[in-house]
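Working notes, beginning with the structure itself.
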Amino acid sequence: ETDLLFFASVPTATITFKTLAADDKGIPHALEHLVLGKGAKGKHFNMLVAMSIGEYTAGTYADLTGYMFNTAAVMEDFYRLFEAYLDTLVHPDFTDPEIQREIYNPEVVEAASTGELAIEEKGTVYNEMVSGMEKTDLAGWFELSRLAFGPKHPLALNFAGAPDSMRAVTVAEV
């Protein structure tokens, strides 16, 4: 389904994908980060956005992930950016190491003062969700969704990623 709206504004494109979660691992959220930001195509798209006086954003929700961009440049630049945008969304080329760094990437570190070894949990999405789940509004949203829909309903799952579940994500799942 395609909706075209014409109004006085800068050229803008929004594309949404149905991304119902199958579990609490946050794969829809991780893909939001990976698709437009990683791989050669994602980096190329980011370069074009900067060169085209543009900006983009993305957001993951319980039932969909939306990607938006706009540019204040001429229409020729918009079309070039739109072509790269579609190619990046439909045929992303991020790598396995990028997946690991983005989702969950534990690292053994040595404490400088004591020399003791410890595990430092890293990952852009993992760290975002550790911080987010400490906020009562986000944690409350997921709890309310579980109460409303039942614990295994796709709209009740933690589409953004429950930190405990994110530790088990494999590259193959993504």
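The values are calculated or read from the model by the stated rules, or taken from the named source; none is laboratory data. All of these numbers come straight from a predicted model, not from anything done at the bench. A quick note on method: Cβ atoms are made from the backbone with ideal geometry, for glycine too, and the neighbour counts reach across all protein chains shown. Protein only, heavy atoms only, side chains kept; ligands, DNA and RNA dropped before computing areas. Shrake-Rupley method; radii C 1.70, N 1.55, O 1.52, S 1.80 Å.
Considering only segment 150-166, how many residues are farther than 15 Å from residue 140 by Cβ and among the polar types (S, T, N, Q)?
1
Give the number of residues within segment 133-174 that are surrounded by 14 or more Cβ atoms within 10 Å (Cβ to Cβ), in a loop (DSSP other than H, G, I, E, B) and either in contact with a helix residue (DSSP H, G or I) (Cβ under 6 Å, 6 or more places away or on another chain) or among the aliphatic types (A, V, I, L, M) (or both).
10
Which condition number in (1) farther than 22 Å from residue 64 by Cα; (2) in a helix (DSSP H, G or I) is the one that residue 109 fails?
(2)
Six or more apart or on different chains, Cβ under 6 Å: which pairs go from a residue in segment 42-62 that's within 26 Å of residue 161 (Cβ to Cβ) to one that's surrounded by 15 or more Cβ atoms within 10 Å (Cβ to Cβ) and among the small types (Gly, Ala, Ser)? Could you list them?
Within 6 Å, the pairs are 45/84; 59/66.
Kindly provide the set of residues from segment 18-52 that are closer than 21 Å to residue 78 by Cβ and surrounded by 14 or more Cβ atoms within 10 Å (Cβ to Cβ), ordered by number.
Result: 35, 36, 37, 41, 42, 43, 44, 45, 46, 48, 49, 52.
When segment 2-17 is examined, which residues are found to be assigned to a loop (DSSP other than H, G, I, E, B), open to solvent by 60 Å² or more (accessible area, probe 1.4 Å) and not hydrophobic (A, V, I, L, M, F, W, C)?
If the condition is that a residue be assigned to a loop (DSSP other than H, G, I, E, B), open to solvent by 60 Å² or more (accessible area, probe 1.4 Å) and not hydrophobic (A, V, I, L, M, F, W, C), then 2, 3, 9 are the ones that fit.
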